[in-house]
Amino acid sequence: MPETQGDGAATGGSTADAAGGSAEGPTAGPTAGSTGGPAGGPTAAATAGATGGSAGAPAGARRGRPRSEGVERAVFDAVGGLLDEGVPLAELSIERIARTAGVGKATIYRRWTGKEELFVDLLRSMEPPDPVLSGTSVRGDLVILLESMRARGVAKRTSSLLHNAFAQMQLYPRLWEVYHHTVIEPRRRLSLDTVRRGMEQGEIRDDLDIEFVNDLLTGPLLLRTVIRPGASLEPGLAERVVDTVMEGLRPRD
């Protein structure tokens, strides 16, 4: 992925790249963050307070560290504001994000391994929450899953930032791969598990391929949210799709 000079973690997108020898990467570490970050950034005391952790914590130790919601919100607002101004993703270096948010680069690296992970988290924060399934009714859980897809489609249509972000993201294979792995694939597995449960409980024919059945259910929503972005996403669409497909998939006598 193209990136401005010095943003080593963003060019490759991997944890290993983020830990590389870039002057902007985590090798500058917590010590660099405690001294203030870029010009115009917070003082040492403000930076230490914003990160919510000790200066001796390892760089990139995002998981398990207490988060400062204020810092995270400032970073998200900075990225969103830059995108709204028309700044291309390729020019959103960690240094520029940190400067805009008023935090040190090390503060960002303590929460995200690089630009890809940060951007995916931003998108997740703007989307409806992941669905919670009842685990009792297969039909009901399928409706919940498809309604979640419908709600995300509506959100992308009504948010210029989301629309712009997704349009740009698909031009960057590495970023799209991270989003697919961390966001899309877990939802897909949840849907496949629900279809499998329907087969085991006798609500769906068990002589069919699980992925094929899942495609039949999710296909209409994907068609209307991706291929035909202007198509109707009216309330009740999820129930109509599930009931129509399951009627044809009932076990044969």
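Side notes on the structure shown:
- If the condition is being assigned to a helix (DSSP H, G or I) and among the polar types (S, T, N, Q), then the range 158-196 contributes 158, 160, 164, 168, 182, 191, 194.
- Residue satisfying all of: in the range 214-231; open to solvent by 60 Å² or more (accessible area, probe 1.4 Å) and part of a loop (DSSP other than H, G, I, E, B); nearest to residue 156 (Cα to Cα) among these: 229
- Members of the range 71-99 found to be of a type in the set (Val, Ile, Thr) and surrounded by fewer than 18 Cβ atoms within 10 Å (Cβ to Cβ), listed by number: 87
- Every listed requirement among (1) more than 19 Å from residue 227 (Cβ to Cβ); (2) crowded, with 19+ Cβ neighbours inside 10 Å is met by residue 150 save one, (1).
- Exactly one residue among 90, 151 is in a helix (DSSP H, G or I) and under 30 Å from residue 214 (Cβ atoms), and that residue is 151.
- Near pairs, Cβ below 7 angstrom, 6+ apart or cross-chain, from the range 125-144 (among the polar types (S, T, N, Q)) to any residue that is surrounded by fewer than 17 Cβ atoms within 10 Å (Cβ to Cβ): 134/140
Rundown of residues vs (1) among the β-branched types (Val, Ile, Thr); (2) modelled with pLDDT under 90; (3) over 23 Å from the mean Cα position of the chain (by Cα), yes/no style:
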position	(1), (2), (3)
48	no, yes, yes
69	no, yes, no
83	no, yes, no
86	no, yes, no
108	yes, no, no
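- Across the range 190-213, the qualifying residues are those that are modelled with pLDDT of 95 or more and basic (Lys, Arg), and the one among them that is most open to solvent (accessible area, probe 1.4 Å) is 196.
- Scanning the range 114-138 for residues being β-branched (Val, Ile, Thr) and open to solvent by 30 Å² or more (accessible area, probe 1.4 Å) gives a total of 2.
- Number of residues in the range 98-125 that are in a helix (DSSP H, G or I) and either closer than 22 Å to residue 182 by Cα or in contact with a strand residue (DSSP E or B) (Cβ under 7 Å, 6 or more places away or on another chain) (or both): the value is 13.
- Any hit, the range 197-204, residues being in a helix (DSSP H, G or I) and within 23 Å of the chain's Cα centre (by Cα): no
- Check on residue 141, open to solvent by 30 Å² or more (accessible area, probe 1.4 Å) and at pLDDT 95 or above: no
- Residue count, the range 232-253 (criterion: closer than 19 Å to residue 158 by Cβ and not aliphatic (A, V, I, L, M)): 4
The values are calculated or read from the model by the stated rules, or taken from the named source; none is laboratory data. Please read all numbers here as calculations on a predicted model, not as lab measurements. Cβ: placed from backbone, ideal geometry, glycine included. Neighbour counts: every protein chain shown. Ligands, DNA and RNA are stripped out before the accessible areas are found, and what is left, the full protein with its side chains, is counted by its heavy atoms. Shrake-Rupley method; radii C 1.70, N 1.55, O 1.52, S 1.80 Å.
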